[in-house]
Amino acid sequence: MSDDCLFCKIVAGDIPATVVRDDERTLAFRDVNPQAPVHVLVVPKRHLPDAAAVLADDPTLLSAMFASAVKVTEDEKLGDGYRLVFNTGKGAGQTVFHAHLHLLGGRDLGWPPG
Ligand code: AMP
């Protein structure tokens, strides 16, 4: 755990979140500022700064995040489609430097994204 990390505090239960899935290695919770009717963040419970760091540390943890996201799509009945996004680095809009997979769905998302 990193003391200054928002998502570590959510994982620890020190900051409230609307949790939708909780397994041994990952936590999935609703984004506080949703960009779609369903907007969930899937994070590793271990502090790693971004997706590349997760891959470097343990590729199976990246798989676990993906698997959790897919289960959420089933729970949320997103059979029509969904988007999974890792913003990686400031230039891509990453603001929280604890790896997180955005799951967006529940509306026509369009492509390319705006
Ligand atoms: P990113 O810009 O890719 O780093 O995404 C960070 C996401 O975290 C944004 O979509 C924020 O809305 C979301 N966020 C920030 N604080 C919280 C919080 N306390 N609970 C849930 N989501 C949050």
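The values are calculated or read from the model by the stated rules, or taken from the named source; none is laboratory data. Keep in mind it's a predicted model, so treat the numbers as computed, not measured. Cβ: placed from backbone, ideal geometry, glycine included. Neighbour counts: every protein chain shown.
Here are a few things to note about the model shown:
- Per-region count, segment 68-81, residues surrounded by 16 or more Cβ atoms within 10 Å (Cβ to Cβ) and either in contact with a Leu (Cβ under 6 Å, 6 or more places away or on another chain) or of a type in the set (A, V, I, L, M, F, W, C) (or both): 3
- Contact map, segment 9-20: residues that are closer than 14 Å to residue 100 by Cβ paired with residues that are at pLDDT 95 or above and in a loop (DSSP other than H, G, I, E, B), Cβ distance under 7 Å, separation 6+ or inter-chain. Pairs shown: 9/15; 10/17; 11/45.
- Which numbered condition residue 64 fails, given (1) farther than 22 Å from residue 1 by Cβ; (2) surrounded by 17 or more Cβ atoms within 10 Å (Cβ to Cβ): (1)
- Filter pass, residue 69 being of a type in the set (Gly, Ala, Ser) and touching a strand residue (DSSP E or B) at 6+ places or on another chain (Cβ under 8 Å): yes
- Residues within segment 29-59 that are in contact (Cβ under 8 Å) with a residue 60 or more places away in the chain and either more than 11 Å from the ligand (Cβ to nearest atom) or more than 12 Å from the chain's Cα centre (by Cα) (or both), tallied: 5
- Summed over segment 88-102, residues that are of a type in the set (D, E, K, R) and within 15 Å of the chain's Cα centre (by Cα) total 0.
- When the residues of segment 67-114 are filtered to those that are over 25 Å from residue 46 (Cβ atoms) and among the aliphatic types (A, V, I, L, M), the one that is farthest from the ligand (Cβ to nearest atom) is 78.
- Filtered by the rule that a residue be β-branched (Val, Ile, Thr) and touching a residue at least 24 places away in the same chain (Cβ under 8 Å), segment 86-114 gives 88, 96.
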